[in-house]
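All remarks here apply to the structure that follows.
The values are calculated or read from the model by the stated rules, or taken from the named source; none is laboratory data. Remember, predicted model here, so these are calculated numbers, not experimental data. Reconstructed Cβ throughout: ideal geometry from the backbone, glycine too, with neighbour counts over all protein chains shown. Ligands, DNA and RNA are stripped out before the accessible areas are found, and what is left, the full protein with its side chains, is counted by its heavy atoms. Shrake-Rupley method; radii C 1.70, N 1.55, O 1.52, S 1.80 Å.
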Amino acid sequence: GGGAGAAMADGEGLVSVDYEVYGKVQGVFFRKYTQGEAKKLGLVGWVQNTSHGTVQGQIQGPTARVRELQEWLRKIGSPQSHISRAEFSNEKKIEALEHKEFQILK
């Protein structure tokens, strides 16, 4: 882990992107791990299980960090999960974060 002082560079744009992850992603602590990873990266947004067996949500933060979480959602996930694919949509630049934290929605 890095030390403190990882301040966000001024002028690094913020983005918002929606995601949906397919595969064995429910009942494997996927939401808890996603929240933990997002917090580690300093991102905000939310994550929830859907009725059709996927996990979906939104990520907001500096572009580079959002890309890191997208890679994590695409390839890693929680230890017991099996991701078949992750889809990202509605990506847009935002002026300010619309969430205060990264939360798990029921």
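Need one number: convex hull volume per residue for segment 22-104, Cα atoms only, in Å³.
On the way: hull volume 7.1 nm³, N = 83.
Spread over its residues, the Cα hull of segment 22-104 gives 86 Å³ apiece.
I want to check a number: in the chain, how many lysine pairs have alpha carbons closer than 17 Å, given a sequence separation of 8 or more or different chains? Walk me through the numbers on the way to the answer.
Working: LYS24/LYS32; LYS24/LYS75; LYS32/LYS40; LYS32/LYS75; LYS32/LYS106; LYS39/LYS100; LYS40/LYS100.
Final tally of qualifying lysine pairs is 7.
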inquiry  = Using only DSSP helix segments of four residues or longer, with each worth -39500 (n - 2.57), what per-residue ellipticity at 222 nm results for the chain after dividing by its residue count and rounding to 500?
reply    = -7500 deg cm²/dmol
ask   = Using alpha carbon centroids, what distance separates segment 80-106 and segment 12-57, in Å?
value = 5
task = Compute the long axis of helix 30-41 from its Cα atoms, compare it with the longest principal axis of the Cα atoms of the chain, and write down the angle in degrees, 0 to 90, nearest 10.
result = 10
ask   = Please identify the GluC sites (Glu not before Pro) of segment 5-106 that satisfy two criteria: DSSP loop assignment and at most 12 other Cβ atoms within 10 Å. Which are they?
value = GLU12, GLU95, GLU98, GLU101
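How much accessible area per residue does segment 19-60 have, counting only protein heavy atoms and a probe of 1.4 Å, in square angstrom? Mind dumping the intermediate values first?
Working: 1800 Å² over 42 residues.
Accessible area per residue: 43 Å².
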remark   = Taking Cα atoms only, helix 63-75 is inclined relative to the longest principal axis of the chain by an angle, in degrees rounded to 10, of 20
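Would you work out what percent of the accessible area of the chain, with all protein chains in place, is carbon or sulfur (probe 1.4 Å)? Write out the running numbers ahead of the final one.
Numbers: 3100 of 6310 Å².
Roughly 49 percent of what the probe reaches on the chain is carbon or sulfur.
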